[in-house]
Amino acid sequence: MYKYDHIDQTLVNQRVAQFRDQVARRLDGSLAEEEFRPLRLQNGLYHQRHAYMLRVAIPYGLFNSKQLRTMAHIAEKYDRGYGHFTTRQNIQYNWVTLEDTPDILAELAKVEMHAIQTSGNCIRNITSDAFAGVAGDEYVDPRPVCELLRQWSTLHPEFAHLPRKFKFAINGAKEDRTILLCHDVGIELKKNTSGELIADIYAGGGMGRTPILGSLIKQALPWQLLPSYLTALLRVYNRFGRRDNLYKARIKILVKALSPEEFARQVEGEWLHIKDGDDNFTQAEWDRVAKHFTKPAYKSLQKLTNEQVISLAKDEDKAAFARWLERNIKPHQVPGYASVVLSLKPHGSVAPGDATTAQMLAIADLADQYSFGELRATHEQNLVLADVEQSKLYELWQEAKKQKVALPNVGLLTDIIACPGGDFCSLANAKSLPIAKAIQERFDDLDYLFDLGDISLNISGCINSCGHHHVGNIGVLGVDKDGEEWYQITLGGEQGNDAAIGKVIGPSFYADEIPDVMTNIINAYVEQRADGEAFIQTYNRLGVAPFKEAAYKNAKKKEKADSKVTGEDAS
Amino acid sequence: MSLTNANSSNAIAAHEHVLHFPKDGKPSLTPNEWLIWSGSQDEGGLPDLEHGKAKVLVPFKWWISHHEEADIQAKTKGGQIGIWFAADDDILKHVELINEGKKVWPLVAAHFPIFRDGRSFSTAALLRDRFAWTGEIRAIGDVLIDQLLQGARVGFDSFALRPDQNLDVALKQFDLYSVTTQNSWRDKRASLSI
């Protein structure tokens, strides 16, 4: 993975010093809270319901065991013994103090980490495919481009105070694992017929209160020209994005208001003036960055069949191990290797995506022992060991079980994406974690979950949609009505190549109704599914009607809860 | 608290000193010679330049409709008039007027209605890149210490900070970073040199 050169390291160290000074000015009162707020947000520091929350950047989700040990150490020393992996592939701590934050950042800087631009109205941490560089269906390894754009966007002066936050996702595989179209800008990397690396640019996607899928605005952009093109794009957004209304300030509103064609035309007009400038990436820069993303020292191994892998397990483990192989193991580019998803969604867990200090330390050891010391954080709030020898999967499974990260529920109903919700977040209208837990308790039977197959269930505690409920096959959105917590259900959302925004099925439910509502929806699927049909396929074939009818079978209340909206998006 | 012109209620408040940071020089403080006229009081027209400050930055929107008036032309010739761009001025719609203005304005400024509104960063970048403006560009309005670095990098070389800002702290801002990872008006990215 990428290793800092002296420029990266100097910049991060100097950033720590700058923030230390800003915190000191805040503490001595010379910097007002209102004016400190954007500064701390651009360093990932939120003020949440109970305490400060620090969001630490994991650029494109890639990190190493040494960094994970530092994350564990920070959880232990400055927080309450756990960290939370987020849908944006970052990690956040819920209980830090303002006074400690400069020291935390200094500790992070020692292992080439920071919290720069993990929040605020600037270019956020870039996300990508958690299986970048190893995925069986990859046609371009996106990581060099991710890293070049990380550098380009870090402390970019012109775009430090945009109308709103700005999120990039970058994909280079056949299957989109990044929800490319739900980003302010999605960059799809390809090779043209001459083998040159090019990018298609999608703009104006996003979730939140107005979910919109991005539009293709530029095709076949040579990779070198990304900085000038993105400068043009961001300049148009910076100048003309709405600033009068926080809720209409995202680029998606501008793109929609202008039309994607007109927005693309304006960007092109701006770009013509700067496309030949020296903002563009050079081959030397590429070479310097790309050398860090070469393949690790893979052994020359034989590809094993699933049966061969299962045969390594003891008889009494075979069934459970086979399930784990089916759900949590992903195909690899190199024969004899596999990628392993460690589930951070054990049933009955406090919060999807949480990992304790002990778990982080143990997982760091597993990464060293089984996967060249590297890890990835996924959009679904799980962790990945990307390069595991197939012959060692059984051994790893036994170790992972001890850490309670081996539940074979990846992609199943209980692999829930959830935001921290009202338990932690000051923006939330409703709790999301107890809903996730109640659903996991209701659907605790692994055999049944297996039978149900792929279903995504995403929960957000407010309209800002940090839990990405819009793209869950089943989405749950917490809403507030007269001080009471209600939950609105959406169906039909999807991530991946057929990304779709779910539709609200009707009036909201009380929290205690949600497990029954889920049961009813799932039963409707089971009753009507064709052979081998996944939930979303059945839904797409039948439409909302049978699911809606099932959902409201025993509803206590049928009046619609209006969503009361507060604050800005914490995602 | 001090204003550029204490007796002018329609002036944009600024520190009595301006922080200058020329492209190839060091940051320093000089007295603020320019009244920043908000243009909000149409009846009286241009402020009195005989008894207050002798030089005035007028809103670009006001310049558009008044620059041909004889007394404005006279004052402009005397080096007494510069212009400031509002955050929502679309300078690319006034290319000819700005190119003409380049010959006569001693100073242009871009306004920050509130510190977290970054539109004027793009205005400054466009003035440097597209209009090839080589003269001084001043940041005015809600200009706070923690915007100075960004401002200096996009093309501003002088700053009329908000009156309550501590200039000693402000002066130290430009030493915070010795490296950058993208080009700016002042430097090419450090990574190009390795």
Checklist outcome for this item: With -39,500 (n - 2.57) per DSSP H segment of 4 or more residues and division by the full residue count of chain A, the 222 nm estimate, nearest 500 deg cm²/dmol, is -10500 deg cm²/dmol
Checklist outcome for this item: In whole Hz, the Karplus estimates of ³J(HN,Hα) for segment A:419-431 (6.51, -1.76, 1.60; θ = phi - 60°; x where Gly or Pro) are 7, x, x, x, 5, 10, 8, 6, 8, 5, 8, 7, 6
Checklist entry - Going by a ≥ b ≥ c, the root eigenvalues of the Cα gyration tensor, does segment A:182-334 fall in the rounded group (a/c under 1.5), the prolate group (a/b larger than b/c) or the oblate group? => result oblate
Checklist entry - What is the helix-to-structure angle for B:119-129, meaning the angle in degrees between its Cα long axis and the longest Cα principal axis of chain B, kept from 0 to 90 and rounded to the nearest 10? => result 80 degrees
Checklist entry - In nanometres, what is the gap between the two model label sites at A:E196 and A:K303, each 7 Å from Cα along Cα-to-Cβ? => result 3.3 nm
Item to check | Set of aspartates and glutamates near B:K26 by C-alpha distance (under 16 Å), chain-local residues within fewer than 8 positions excluded | outcome: B:E136, B:D157, B:D168, B:D175, B:D187
Checklist outcome for this item: Inverse of <1/r> over all distinct C-alpha pairs of segment B:147-191, i.e. the Kirkwood Rh in Å, gives 11.5 Å
Item to check | Other-chain or far-sequence residues with amide H under 5 Å of A:F166's (modelled H) | outcome: A:C122, A:R124
Next on the checklist: Need the list of aspartates and glutamates near A:K553 for cross-linking: C-alpha distance under 14 angstrom, and skip anything on the same chain fewer than eight residues off.
Outcome noted: A:E513, A:D516
Next on the checklist: Can you compute 3J(HN,Hα) from phi for each residue in segment B:60-69, using the Karplus curve 6.51 cos²θ - 1.76 cosθ + 1.60 with θ = phi - 60°, rounded to whole Hz and x for Gly and Pro?
Outcome noted: 4, 4, 5, 4, 3, 9, 10, 5, 8, 5
Checklist entry - Pick from B:K172, B:K55, B:K75: which is most flexible by mean-square fluctuation in a GNM of chain B where alpha carbon atoms under 10 Å apart are linked? => result B:K172
Checklist entry - Cross-link list A:K167/A:K503; A:K3/A:K295; A:K295/A:K402; A:K77/A:K402: which exceed 26 angstrom alpha carbon to alpha carbon? => result A:K295/A:K402
Checklist outcome for this item: Sorted list, accessible surface of protein heavy atoms, 1.4 Å probe, largest first, for B:R153, A:R529 is A:R529, B:R153
Checklist entry - Say R0 is 25 Å: what FRET efficiency, to the nearest 0.05, do A:D103 and B:D164 get from their beta-carbon distance? => result 0.25
Checklist outcome for this item: Extension length gain for A:Q369 and A:K174 (0.36 nm per residue less Cα distance), in nm, is 67.2 nm
Next on the checklist: Checking the a/c ratio against 1.5 first, then a/b against b/c, what shape does the Cα gyration tensor give for segment A:57-124?
Outcome noted: rounded
Item to check | Simple spin-label estimate for A:H292 and B:S40 in nanometres, 7 Å along Cα-Cβ | outcome: 4.9 nm
Checklist entry - Of the lysine pairs in segment B:64-186, how many meet both conditions: Cα atoms under 20 Å apart, and a spacing of 8 or more in sequence or different chains? => result 6
Checklist entry - Non-local amide H neighbours of A:A555 (under 5 Å, H modeled in plane, Pro and chain starts lacking H): which ones? => result none
Item to check | Of all DSSP beta bridges in the protein assembly as shown, antiparallel share, percent nearest 5 | outcome: 65 percent
Checklist outcome for this item: Given unit charges at Cβ for Lys, Arg (+) and Asp, Glu (-), the dipole magnitude of segment A:179-312 about its Cα centre in debye, nearest 20, is 460 debye
Item to check | Lys, Arg +1 and Asp, Glu -1 on Cβ, resulting dipole of segment A:136-252 about Cα centre, debye, nearest 20 | outcome: 700 debye
Next on the checklist: With every protein chain left in place and a probe of 1.4 Å, what is the accessible surface of A:M207, to the nearest 10 Å²?
Outcome noted: 20 Å²
Next on the checklist: With a 1.4 Å probe and all protein chains kept in place, how do A:M71, A:M1 rank by accessible area, largest first?
Outcome noted: A:M1, A:M71
Checklist outcome for this item: The lysines whose Cα lies under 16 Å from the Cα of A:K401, excluding any fewer than 8 residues away in the same chain, are A:K314, A:K318, A:K345, A:K392
Checklist outcome for this item: Rounded to whole angstroms and listed largest first, the alpha-carbon spread of segment A:1-101 along its three principal axes comes to 41, 33, 24
Checklist entry - Which of rounded, prolate, oblate describes the protein assembly as shown, given a ≥ b ≥ c as roots of the alpha-carbon gyration tensor eigenvalues and a/c under 1.5 marking rounded, otherwise prolate only if a/b is larger than b/c? => result prolate
Item to check | Spacing of the two label points (7 Å from each Cα toward its C-beta) at A:S311 and A:A534, in nm | outcome: 3.1 nm
Checklist entry - How much FRET efficiency would the formula 1/(1 + (r/R0)^6) give for B:N10 and A:D516, where r is the Cβ-Cβ distance and R0 is 45 Å, rounded to 0.05? => result 0.10
Checklist outcome for this item: Here the cysteines of the protein assembly as shown lacking a cysteine partner under 4.7 Å (Cβ to Cβ) are A:C122, A:C146, A:C182, A:C425, A:C462
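The values are calculated or read from the model by the stated rules, or taken from the named source; none is laboratory data. Values in this document were obtained by computation on a predicted structure and should not be read as measured data. Virtual Cβ from ideal backbone geometry, glycine too; neighbours counted across all protein chains shown. Note: areas computed on protein heavy atoms with side chains; ligands, DNA, RNA excluded. Shrake-Rupley method; radii C 1.70, N 1.55, O 1.52, S 1.80 Å.
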